[in-house]
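The values are calculated or read from the model by the stated rules, or taken from the named source; none is laboratory data. Here the structure is a predicted model, which means the values were calculated and not measured. As a convention, Cβ positions derive from the backbone with ideal geometry for all residues, glycine included, and neighbour counts pool all protein chains shown. These area figures cover heavy atoms from the full protein model, side chains too; ligands, DNA and RNA do not enter into them. Shrake-Rupley method; radii C 1.70, N 1.55, O 1.52, S 1.80 Å.
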Amino acid sequence: MRIEQMIEERFVCSKCGGNHCETKEVSMSGAGLSKMFDIQHNHFLFVSCTNCGYVEVFNPDILEGKKRGQLGSILDVFFG
């Protein structure tokens, strides 16, 4: 089961108590050379409550215990 599905099944909003959410993966560049060359090697999951709009941010690398999005980072280097 994907981590996004697990979050959506267990979701309870810490602000309003709602139990429905949307999950999006977002990629961001870091500092230094990755910022200069727009290499987006930082990946996060943004989980939004569909009732009140409150957003929580999770690091999928920690949740899954492995690095995520490496292919996208490599392609970013070549195709920017």
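What are the residue pairs meeting all of these: first residue in the stretch 1-26, first residue basic (Lys, Arg), second residue surrounded by 13 or more Cβ atoms within 10 Å (Cβ to Cβ) and part of a loop (DSSP other than H, G, I, E, B), Cβ atoms under 7 Å, and 6 or more apart or on different chains?
Short answer, once both residue conditions are applied: 15/54.
Yes or no: the stretch 61-76 includes at least one residue that is out of contact with any strand residue (DSSP E or B) (no Cβ under 8 Å at 6 or more places or on another chain), at pLDDT 90 or above, open to solvent by 40 Å² or more (accessible area, probe 1.4 Å) and under 20 Å from residue 4 (Cβ atoms).
The answer is no, given that none of the residues of the stretch 61-76 is out of contact with any strand residue (DSSP E or B) (no Cβ under 8 Å at 6 or more places or on another chain), at pLDDT 90 or above, open to solvent by 40 Å² or more (accessible area, probe 1.4 Å) and under 20 Å from residue 4 (Cβ atoms).
Kindly indicate the residue of the stretch 39-60 that is in a loop (DSSP other than H, G, I, E, B) and at pLDDT 50 or above and also most open to solvent (accessible area, probe 1.4 Å) among those meeting that condition.
Step one: of the stretch 39-60, the residues in a loop (DSSP other than H, G, I, E, B) are 39-41, 50-54, 59.
Next, from what is left, pick out any that are at pLDDT 50 or above: 41, 50-54, 59.
Details: 41: 70, 50: 80, 51: 116, 52: 67, 53: 45, 54: 82, 59: 53 Å².
Going through the qualifying residues, I end up with 51.
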